[in-house]
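A short write-up of the structure that comes next.
The values are calculated or read from the model by the stated rules, or taken from the named source; none is laboratory data. For clarity, every value in this text was computed on a predicted model and none was experimentally measured. Cβ sites come from the backbone with ideal geometry, for glycine too, and all protein chains shown count toward neighbours. Heavy atoms of the whole protein, side chains included, go into the accessibility calculation; ligands, DNA and RNA do not. Shrake-Rupley method; radii C 1.70, N 1.55, O 1.52, S 1.80 Å.
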Amino acid sequence: MFASLLVLANRATQQVQHGSLKLVLVEGEQDVMLLVQARQNSILAVAAKPNHNLGMIFLSTKKFAQKIIAAFDRLPANRLA
């Protein structure tokens, strides 16, 4: 479900020529979800309460996604298959 949402959001961003997609925010009544594509086949999904500082959550999520990418890059290629 998250992968489909990211694909749609990425297409929408490209259609309106706003550059590359950074993240998707889904806000519900009880929480918010941030979706960040860490790698081609990896998605980082973060749930948070809406009363928390979303700016800090955005920054932390982006930093953590970069750490995930770096960890995957250190793995031998055959371990990712």
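Table for the structure above
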{"quantity": "Using distinct alpha-carbon pairs, which all enter the 1/r mean, Kirkwood radius of region 1-48 in Å", "calculated": "11.2 Å"}
{"quantity": "Student exercise, the chain dipole from Lys, Arg, Asp, Glu Cβ charges, in Debye to nearest 20", "calculated": "380 debye"}
{"quantity": "Long-range HN-HN contacts of Ala38 with modeled amide H, under 5 Å", "calculated": "Ile43, Leu44"}
{"quantity": "Per residue value of the accessible surface for the chain (all protein chains in place, 1.4 Å probe), Å²", "calculated": "77 Å²"}
{"quantity": "Surface accessible to a 1.4 Å probe, Phe72 within the full protein complex, Å²", "calculated": "60 Å²"}
{"quantity": "For the chain, built as a Gaussian network whose Cα springs stay under 10 Å, the top-fluctuating residue of Gln37, Gln17, Gln66", "calculated": "Gln17"}
{"quantity": "For the chain: relative contact order, % (alpha-carbon pairs under 8 angstrom, 6 or more apart)", "calculated": "20 percent"}
{"quantity": "Area of Lys63 that stays accessible when all protein chains are in place (1.4 Å probe, Å², to 10)", "calculated": "140 Å²"}
{"quantity": "Kirkwood Rh and Cα Rg combined as Rg over Rh, evaluated for the chain", "calculated": "1.01"}
{"quantity": "The chain - percent of accessible surface contributed by carbon and sulfur, probe 1.4 Å", "calculated": "54 percent"}
